[in-house]
1. Could you check the spin-label model distance between T384 and D264? Points 7 Å from the Cα along Cα→Cβ, value in nm.
2. For region 74-221, report the accessible area per residue in Å² (1.4 Å probe, heavy atoms, rounded to an integer).
3. Tell me the relative contact order for the chain as a rounded percent, counting alpha carbon contacts under 8 Å between residues six or more apart.
4. Given Cα pairs under 8 Å that are at least 6 residues apart, what percent is the relative contact order of region 129-240?
5. How would you order 47-53, 151-157 from highest to lowest mean count of nearby Cβ atoms within 10 Å?
6. Which whole-number percent is the relative contact order of region 49-201 (Cα, under 8 Å, 6+ apart)?
7. Please list D140, D291 from largest to smallest accessible area, probe radius 1.4 Å, with all protein chains kept in place.
8. Take each complete run of DSSP H in the chain, measure how far its Cα atoms stretch along the helix's own axis, and keep only those covering 30 Å or more with mean Kyte-Doolittle hydropathy at least -0.5; list them.
Amino acid sequence: MSEQHQQGQRRVTGSYWVETAPGPRRPALTRDLDVDVAVIGAGMAGLSTAYELTRAGLGVAVLEARRVAAGVTGHTTAKLTALHTLIYDRLRRTRDAQAARLYARSQSEAIEHALELVDELGIDCEWETRSAYTYVRDADRADELRAEAEAAREAGLPAKFVTETGLPFPVAGAVRVADQAQFHPRKYLLALTADLVARGGQVYEDTVVRGLTEGEPCRVTTAGGATVRARHVVVATHYPIFDRALLFARLSPRRELVVAGPVDAALDPGGMYITPEEDTRSVRTAPYGEDGRRLLVVTGEHFTPGTGDTRARFDKLAGWAREHFPGVNLDHAWATQDIDPTDTVPMVGPMHAGARNTYVATGFGGWGLSGGMMAGRLLAALVTGRDCPWQELYDPRRMRTAVREAPTFLKNQAEVARHFVGDRLRPAPPVEAVPPGEGAVVRSGADRVAVYRDEEGGVHALSARCTHLGCLVAFNSAERAWECPCHGSRFDIDGSVLQGPATRPLERREL
Ligand code: FES
């Protein structure tokens, strides 16, 4: 095993944001409740919604399966910008100029609102104003960036096409948008949660939701046997755990790796950067300690969960960071997961065509922090009966774009079918072939069993059928987890759910 593999194994232990802001534990829900609004999921979208509604005077309960702000929100790069790689030129071509304007305004106003809360509540969340850049190094792609700069400017952002950046290598071109922001996402959300609770809101951790019956009131049931009766229910679980509009057919999961560590402040590129090239590279820095160094955060190497060699990808990303930021001490590595909608616009609004009081927020791509803040304000407006200028843009029931989405939709479904059928036909190794510290799907009679062998040689066997819709899981050895390539559910080696849409654990198996 290479040195970097060993480093990767040792380092994939968790997010810097989660480690440096542990926060208090919240109780699990053990009794029935009656509330105005039940919010399922305590990431940026769920907590922002709950916070706005609590301030509007509604009784809110937040139900989180694991810990507050420790899922995807706690594992992001934590940039707050309305510049989302190359979205504006696409929006003006596939929708219209008005859609691009509403997108820019909705994201920008959400970030401004968050800054107002930071000031009002005195939140110490390392908020820093920075320019955001989308760059390319390939000269053949510079025109794409020129078009994006023009489209973003038309949409109302202070965007410019530039060829100079603070990056330590030349670029062929970049879109620069000034006065964007970066922060510590968990410090922000823990402070918001504390204020929410102080205002009478309820927040429960370790509370797995299993059922939702729509009605007046709706009934939300938990794995622990509690029932929450609520006039409104918001499903903000990243990939929706209740999917009555079959949104899963228009969403695809993408896993992305992050490496981070202290670097000499002289190497700080002084902005937030992303490129669509090289399997994505995203760069920012953050305050770090008292010695004048900065924390370098580099993201990239996206892939479908449950596919390929994650350790090799960590090595490649770390190698890129060391090449361009010499001397960086990459002492953190983690991964995050994004959900891409087929038309690139998040889905925030009523849960399905007949929904009267159930809502969903999903499909933020790689932009779930500004998107989650935007979702909080939009959903709060919808729940309280107010109109919002961009409700149609983000409406999950939108059909206007269905024809244009068709090729991506069909590609996604073909990919799911390929995994559902093809993964079952693939030869499976015998259990004896699984080395310590590794996992594999093995054959056991007519069944497929997910086997992990621990470092002491003990074998942990689970059903390999994902409890969402039955695709076969695959082992991610760098993160030591079972992952489903169809819609991105993730499971621990004891079978418990790490990430939905699955809500039930993988069943134990005897070999
Ligand atoms: Fe849908 Fe596994 S996540 S089948």
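1. Using points 7 Å along Cα→Cβ, the separation is 5.2 nm.
2. 40
3. Over the chain, the number comes to 18 percent.
4. 20
5. Ranked from most to least packed, the peptides come out as 47-53, 151-157.
6. 33
7. Solvent-accessible surface, decreasing: D140, D291.
8. Length and hydropathy pass: 97-121.
The values are calculated or read from the model by the stated rules, or taken from the named source; none is laboratory data. Here the structure is a predicted model, which is why all the values come from computation and not from measurement. Cβ coordinates were reconstructed from backbone atoms using ideal geometry, including for glycine residues, and neighbour counts include every protein chain displayed. SASA here: full protein model, heavy atoms, side chains in, ligands and nucleic acids out. Shrake-Rupley method; radii C 1.70, N 1.55, O 1.52, S 1.80 Å.
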